[in-house]
1. What single numbered condition from (1) surrounded by 19 or more Cβ atoms within 10 Å (Cβ to Cβ); (2) modelled with pLDDT of 80 or more fails to hold for residue 161?
2. Quick check on my filter: what residues within segment 11-24 are crowded, with 18+ Cβ neighbours inside 10 Å and either modelled with pLDDT under 90 or within 20 Å of residue 192 (Cβ to Cβ) (or both)?
3. If we keep just the residues of segment 28-53 that are within 20 Å of residue 65 (Cβ to Cβ) and in contact with a strand residue (DSSP E or B) (Cβ under 7 Å, 6 or more places away or on another chain), which is surrounded by the most Cβ atoms within 10 Å (Cβ to Cβ)?
4. Take residue 101 and tell me if it is touching a helix residue (DSSP H, G or I) at 6+ places or on another chain (Cβ under 9 Å), closer than 21 Å to residue 261 by Cα and in contact (Cβ under 8 Å) with a residue 24 or more places away in the chain.
5. Of everything in segment 164-175 that's assigned to a helix (DSSP H, G or I) and surrounded by fewer than 17 Cβ atoms within 10 Å (Cβ to Cβ), which residue is farthest from the chain's Cα centre (by Cα)?
6. Looking at this structure, is residue 80 over 30 Å from residue 27 (Cα atoms), modelled with pLDDT of 90 or more, surrounded by fewer than 16 Cβ atoms within 10 Å (Cβ to Cβ) and within 23 Å of the chain's Cα centre (by Cα)?
7. Looking at (1) over 17 Å from residue 265 (Cβ atoms); (2) surrounded by fewer than 17 Cβ atoms within 10 Å (Cβ to Cβ), which is the one condition that is false for residue 183?
């Protein structure tokens, strides 16, 4: 459960960036432009500064915030779509179940990163909500499949048969009996989708298709900035903290997300995990 606590702490700190960051998002220390200072417990810059004069801790917190927000928004969109279609298919069965299964299979074959990049390039500038919704429309299949499979099993259980015999409507059966019992499945699938969304966003940011406002830092953007400086300035080697810190932060987020999904799957469904 260590990964879960780290993931929660990471997300909370990221979302509270405006409050916990030591400096303003756009504050520049002009004396450090092109002369970044190293990370130090003294001097007011715990993680040092970058070549543009930004405090790295402040810049990192805001980058974490931007990335986590898009990941949460994309996961929320995927959960809404996936739960609705998965529940519809899992409870109804028959032709509707087959249709949703075919649609899920078709969507899985389309790389989410490619769709994300197409939207980012074609609709530039992109409204803040467009990219998270695009990711949600691409990643809902994982949640729909999980809910569909869970409900196909649960609808045969005795408590569902008893509720049906008592006159419960299909709407009540799904929302009062089936979905609450499938909540663990949804949480596990959503945690995995969150990690996928973060990876896609960071990759797109690395190639210059930043989320939200293009002058705001993102984890992928921070890594890309180091690569760009190295290419533009011949013989220049970026200080280690400019690329190590965002890479470690991104890897930590992805690892915690994946490990948390696996841990929750084992805890909520020990029989299914073996």
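The values are calculated or read from the model by the stated rules, or taken from the named source; none is laboratory data. Everything quoted here is computed from the prediction, not taken from an experiment. Quick reminder, even Gly has a Cβ in these numbers, built from the backbone with ideal geometry, and neighbours come from all protein chains shown.
1. With respect to (1) surrounded by 19 or more Cβ atoms within 10 Å (Cβ to Cβ); (2) modelled with pLDDT of 80 or more, residue 161 is out only on (1).
2. Residues satisfying the conditions are 11, 14.
3. The selected residue is 49.
4. no
5. Step by step, filter segment 164-175, then rank; the result is 165.
6. Yes.
7. Checking residue 183 against (1) over 17 Å from residue 265 (Cβ atoms); (2) surrounded by fewer than 17 Cβ atoms within 10 Å (Cβ to Cβ), the one that fails is (1).
Yes/no matrix, rows are residues, columns are (1) modelled with pLDDT of 85 or more; (2) surrounded by fewer than 24 Cβ atoms within 10 Å (Cβ to Cβ):
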residue	(1), (2)
177	no, yes
189	yes, no
200	yes, no
211	no, no
217	no, no
